[in-house]
Amino acid sequence: MNDFSLQNAIEVRRRAREKKEVFVLTNGCFDVMHAGHASSLNKASEFGDLLFVGLNSDQSVKQLKGNQRPINSQENRAYLLSSLRAVDGVFLFDNQNIAAEILLLKPDFYIKSEDYKYNTLNPEEREALNQVGAKVDFVPLLKDLSSSAIIEKVMK
């Protein structure tokens, strides 16, 4: 199994900075992977040399989505994400936002899907992004795809 620790991500980021590589960060729950996730990650990877995904831990997903989630364990979600060609690394985080990790990693780019707007990002995350000087961008969504909709369909 890969090293899904924040410490590993920090070390990769340090080496990337030395090599002047562009470090891209995104995050999410990625509970039930679908083509929309893959599309967004592929587009996010185009912003730089390395794409890291901050993955909400099982505890964090429960806080955000309720006790019925996650469907897939953090280990399985992290393994699946790390197996994608576009993703260079994955780390787990326990909070409901990724502000602390942004401050530690100091990404060059922070990418989210276009269902977010800059002013709808978590205020702590926005402050951290401003503090480290990260560029923020949004990638297109594939229409009508979401983990919640897939889970709802399966439950019917």
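The values are calculated or read from the model by the stated rules, or taken from the named source; none is laboratory data. Here the structure is a predicted model, which means the values were calculated and not measured. Note that we place each Cβ from the backbone using ideal geometry, even for glycine, and neighbour counts take in every protein chain shown. Areas reflect the complete protein model, heavy atoms only, side chains present, ligands, DNA and RNA absent. Shrake-Rupley method; radii C 1.70, N 1.55, O 1.52, S 1.80 Å.
Report yes if some residue within segment 51-61 is touching a residue at least 60 places away in the same chain (Cβ under 8 Å), aromatic (F, W, Y) and either crowded, with 20+ Cβ neighbours inside 10 Å or under 15 Å from I102 (Cβ atoms) (or both); otherwise report no. Scanning segment 51-61, I find no residue that is touching a residue at least 60 places away in the same chain (Cβ under 8 Å), aromatic (F, W, Y) and either crowded, with 20+ Cβ neighbours inside 10 Å or under 15 Å from I102 (Cβ atoms) (or both), so the answer is no. On the given criteria, is D31 over 15 Å from the mean Cα position of the chain (by Cα), modelled with pLDDT under 95 and of a type outside the set (S, T, N, Q)? Judged against the criteria, D31 is not a match. When R14 is tested against the conditions (1) of a type outside the set (V, I, T); (2) in contact (Cβ under 8 Å) with a residue 40 or more places away in the chain; (3) out of contact with any strand residue (DSSP E or B) (no Cβ under 9 Å at 6 or more places or on another chain); (4) not in a loop (DSSP other than H, G, I, E, B), the lone failure is (2). In segment 104-114, the count of residues that are touching a residue at least 40 places away in the same chain (Cβ under 8 Å) and open to solvent by 80 Å² or more (accessible area, probe 1.4 Å) is one or more. Taking residues in segment 63-77 that are surrounded by fewer than 17 Cβ atoms within 10 Å (Cβ to Cβ), and partners anywhere that are among the hydroxyl-bearing types (S, T, Y), the pairs with Cβ atoms closer than 8 Å and at least 6 places apart or on different chains are I71/S147.
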